[in-house]
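The next block holds one structure in the form of structure tokens; read it before the comments.
The values are calculated or read from the model by the stated rules, or taken from the named source; none is laboratory data. A quick note: this is a predicted structure, and the numbers were derived from the prediction, not measured. Cβ placement follows ideal geometry from the backbone for every residue including glycine, while neighbour counts extend to all protein chains displayed.
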Amino acid sequence: MSISVSRLIASLTLLLTVAVFGQWSLHGEDDHYAWLSWRNGDELKGRILQSEEEKIRWGSFAFASPLSVSVNQLKGVRFSSTKVESSQNDENFRIILNNGDRLHGNLLAIDENTITISCGSFTEPLQINKPSIRRIIHIRSNHLRFSGPGELDGWTSNGRDRKPTDWFTDLRGEFATHQWSGNLFREIEFPESVEVEFRARFPLGNPSLEVGFLREPGQGPMLETWDDHLVLTFGTQFVPVMQLTSDTRKLEFRVFWNQLTGEVQVCSLSGKQLASLSGPSVDRISGSEKHSRSNAPLQRGFSILSRTPELKLSSLTVREWNGKAVPEVDLSQPRLSLHDRPARFRIDDVFLEPGSAKLRIGNSSVPLNQLEEMVVSPDREIDIETAQANSTRIAWHNGSSVGGKFVRLDNSRLTVQPEWSSAEVAATLSNAKEIRFPEEAEPIETSSDQLSSNGLFLHGTVRILQSTQPNSDAPSIIGWQAAGADQAVPLAEDLKATIVRDSFPSSSPEALATVGQARLYLTNDEILVGTLKAADNESVQFRSRITGPLTIPAEQIRAIDIGNAGRVLEGFGDTEWEATEEVEGEVIVENETVLLKGGSYGNPSILIGDRVHFDLEWKQSYGAITLRLFASGPDPNTPSTDIIVAAQGNRLFIGKLKDNGAFSFSGDQIPLSGSKASFEVIALHDKLEIVVNNKSTLSIPIEKDRVSGNGIYFKMGGGWQGWNQVDNQVEITNFLIECSPGSLPPHIIASDARERLLKIPRSLRENIPTHLLIAPNGDLLRGKLVSVNGNSIQFDSGEESLKLPLNRVSAIVWLREEPTPPEEKDTTGDTLFNPFEDPYYQEIQKFNFKVTHQLVLSDGSRLRLAADQAQDNQLIGESSVLGTCRVSLENVQKIDRSPATPIHKLGKMDVVAFEGWHISFTPEPDIPEEGEPQTSPLIGKPAPDFKLTMMDDSTFELSEQKGKVVVLDFWATWCGPCIKAMPDVQAAVEAFPPELVSFCAINQAETTPIVTGFLEKREWDHLPVALDFNMKTSRDYEVDAIPHTVVIDTAGKVSWIHTGYDENLKRKLFDAIRKAASP
């Protein structure tokens, strides 16, 4: 038996991957994980692997191989564990270095030049040069009650919506907040006489805070900022401490409080008294609680409240005060502080022998636990932020923090070269909180692709991993190169993820579709862009660069978008642009510029992109213009989404026009410079966004009942009457329609017209329409497709066969009946079918076809592929309908990648067009028996008023027909019974004088060209026809079937209704009119 070389290599690669990943198995407790963070804001959960040469190797669930990322593009590593190791609880000293480093450990030795410490955060003892050390603090001293600030655990917050998480611990171990009124309280057992030393920083200046020493701080002494002063308060007493300026960046004080006598002193760090008060003593029980049953103690501790954009609590020390006068010391000198002894201003003769528990001070010695503080290098101003920004820094949960030059990182330790050591030091990751890399290493890489999954979002670059063998064992043919990574790694085999590529158009000439290209909409939700070669009722011949030439059976097709060859989307050169003027000269078009003095200018079918650009200039610096979007024509009575744009001097107002004519102002007053503004209208799936001068100013939902077509019209006037003066003029320039990568030209169809044409009347049940033609302006024609060849389409509309130019058709839709679930039947005695024989096997294959990649291409194509090959930067896979597809990566806009999933288990793709165009049959009208009157709830009630446009552009308004009998006949050109009934209706009406009876034939939702052609062919030019385009009037009169005839009496009430046609219609209608006219 033989094994292919490629499969053997793949197997060995998999084994090596498992071997490497075995070091950091991703199965285990959550607190073993960490998060790798990039400078661009990305984060990735996983584990650290062996890293060096300024590269971090990182293992993650999302990828089948470790990432190798440059430290220069990383922000750091964040660890999840908050456990403090028991060994760190035995660390007695905090060592603060001049570069901002902080160490917790134990003193091992002090000699003339160095201090040696053991620190649980490091694998070996640390030997530090004395000039690098600022001070050493004994944090386990018997009289020391608290030294911190430490971790946020144990701290609480007061007030509505305030919580400790308003604060965070930075890498220096400081508590920081950006929250106004962010506050913290830590309960601390105070001795009767207590010293509280704290240091707070204000990086932005303008310090403002409150500091207290009780949970209810107002019941004890407080430090508060009052305007430009810091004030010591106690009850009703107060005294200023110091004056503040906008440049004050830090506050450092020692507060001494004798709780028995009420004496309070505020001193500088040197001990110089700045303020004092003799307040009352504070009981251990609060005043509000003295009479309660619990006698709860009044909690002592430290409270701080921020009233500034940024505050940092650098240090807090609480110790016992002996009640004596506070000595003032020289902070510029090194010094040694021992318990109950005055400060000693000499440390050059202080030594600690290795293994000894006693300090040798000159000729004497003291136990090491008597050391309270040793200042080695006096405090001095240094730029700690800059020093820390240029180094790799690690912080632990116990407050330790160390920085230096990055050397290497593995899954247990970080090795750095700190400035205070001549040798590299290895810091353990046990109990580590965070690693932070240098901030200004190099410019941040700009990566336009985005990878997202559950809890995952990364910027980077998607790559195709070469694999010429189908069904290879490679975990993924899609690779991801993260920002700063040296190469792409395959996605994990079981990862379900979405990749969105650069939103800007590709430079490749093949990446975007032209407006002349056709689109196939398939029943499996796929969309294919290419060239339509031919079509008939059985199949479609199509060619795409993805598939080559192919023939697709009609049953796999929902619709064909013919394309828009010849359309001009820039400027006003398209042939469909039209002006509507009441007075000649209101609209002037010259050299791609339109000047509106009145009237309107628009195009009924130009919205074939999702972005519209244009510039407006107001010649008088004031005036309003109405932008009618999704209109089917210039008639203002047809549905459209209307936006009012009004200029008032140097301000611009944007708003939506409501149905009642009211103006809904956006609320923003947009600055207008030189009476000019640039506009972008963005049509998303369910909303409309208006952008003015690159700023979003209005976002509104797209309402179905405010949409009737693909047109845009600029109409002079609108909004408040004061905006509309007779001399207003607006100039329109730089008009442009664009399609965003991956978007599709919209087909706006009035929902009423769509629903009406999908209902098949009785007259067509013997010859059911199978197709629907959509014109560029949204007009619809129902019938049967005969053929598409060259530049023409042959179409049977029912009464005649039409040969139409292809450029007059926007789309062809296949009409099918609503699928019904199969009926259960008794299969007893039936012969069992063989599932491996056609057609059962083909159906099972289609049903269980497994998809690994769902693609959105820049040209708008949507594909569902079982992809297992890659070659020449192309993804190669199979479609359940299209067969083999070869997709160039540069043409891909979005990838939804998942483990192989049966297609029937997938949800819908991001865009599903022409779904649900299922025909249904109109219900049989409830026509009464001969001699029985037809009934309706409208009879005897006032007739609903309406106003409709007639074929000659006049209007018919019911309220203007008072005193007359009015006959309404609802009909359509495709309705056979309507055509039979119309002569009888006309004859009955014409038997009465026109001053007594008015007649209106109301056409249902058909366009002017269709109705005009029908009337001319029938020679019914004299018929008074009104257009009920949105069928609102039909709904008001409860028209469920046609023909539907209504008689309204001279009092304006409905007196007679008849649905359908019968031979006695003329006599019945005559009698109804005569009765309605009788007084």
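Here are a few things to note about the model shown:
- Close contacts from region 873-899, counting a first residue that is at positive phi and a second that is in a strand (DSSP E or B), with Cβ to Cβ under 9 Å and a gap of 6+ residues or different chains, come to N873/R463; N873/I464; N873/S888; G883/L550.
- When T225, T245 are checked against the criterion of being assigned to a loop (DSSP other than H, G, I, E, B) and among the hydroxyl-bearing types (S, T, Y), T245 stands alone in meeting it.
- Only one of T1012, T1050, T1045 that is among the polar types (S, T, N, Q), modelled with pLDDT of 90 or more and not in a strand (DSSP E or B): T1050
- Selection of region 347-369 for residues being touching a strand residue (DSSP E or B) at 6+ places or on another chain (Cβ under 9 Å), closer than 29 Å to A325 by Cα and modelled with pLDDT of 90 or more yields I347, D349, V350, L359, R360, I361, G362, S365, V366, P367, L368.
- Looking across region 237-255, the residues that are in contact with a strand residue (DSSP E or B) (Cβ under 7 Å, 6 or more places away or on another chain) and farther than 30 Å from E192 by Cα come down to Q243, L244, R249.
- From L171, L184, L152, residue being assigned to a loop (DSSP other than H, G, I, E, B), among the aliphatic types (A, V, I, L, M) and out of contact with any Asp or Glu (no Cβ under 8 Å at 6 or more places or on another chain): L152
- Residue that is in a loop (DSSP other than H, G, I, E, B) and either in the same structural domain as P207 (by TED's automatic domain parsing) or at pLDDT 95 or above (or both), where the choices are S314, S281, S276, S303: S281
- Qualifying residues in region 629-646 (those that are assigned to a strand (DSSP E or B) and under 28 Å from the mean Cα position of the chain (by Cα)) - the one nearest to G718 (Cα to Cα): I644
- Criterion violated by W1020 - all others in (1) aromatic (F, W, Y); (2) out of contact with any strand residue (DSSP E or B) (no Cβ under 8 Å at 6 or more places or on another chain); (3) touching a residue at least 60 places away in the same chain (Cβ under 8 Å) satisfied: (3)
- Inside region 493-511, residues that are under 20 Å from Q874 (Cα atoms), among the aliphatic types (A, V, I, L, M) and at pLDDT 90 or above make up a count of 3.
- In region 124-153, residue nearest to the chain's Cα centre (by Cα) [restricted to those that are surrounded by fewer than 16 Cβ atoms within 10 Å (Cβ to Cβ) and modelled with pLDDT under 90]: D153
- Region 669-699 - residue that is surrounded by 14 or more Cβ atoms within 10 Å (Cβ to Cβ) and not hydrophobic (A, V, I, L, M, F, W, C) and, of those, modelled with the lowest pLDDT: Q669
- Screening S422 with (1) among the hydroxyl-bearing types (S, T, Y); (2) more than 31 Å from the chain's Cα centre (by Cα); (3) crowded, with 16+ Cβ neighbours inside 10 Å; (4) not in a strand (DSSP E or B) gives one miss only, at (3).
- Which listed residue, of D838, D910, D826, D830, is in contact with a strand residue (DSSP E or B) (Cβ under 9 Å, 6 or more places away or on another chain) and either modelled with pLDDT under 85 or surrounded by 11 or more Cβ atoms within 10 Å (Cβ to Cβ) (or both): D910
- Per the listing V887, V851, V881, the residue uniquely within 20 Å of S743 (Cα to Cα) and modelled with pLDDT of 90 or more is V887.
- If you go through region 750-788 and keep only what is basic (K, R) and at pLDDT 80 or above, you end up with R782, K784.
- When D1062, D1036 are checked against the criterion of being over 54 Å from the mean Cα position of the chain (by Cα) and in contact (Cβ under 8 Å) with a residue 24 or more places away in the chain, D1062 stands alone in meeting it.
- Listed by first and then second residue, the pairs linking a residue in region 609-622 that is farther than 19 Å from L688 by Cα to a residue that is among the charged types (D, E, K, R) and part of a loop (DSSP other than H, G, I, E, B), with Cβ atoms under 7 Å apart and 6 or more places separating them unless they lie on different chains, are Q620/D727.
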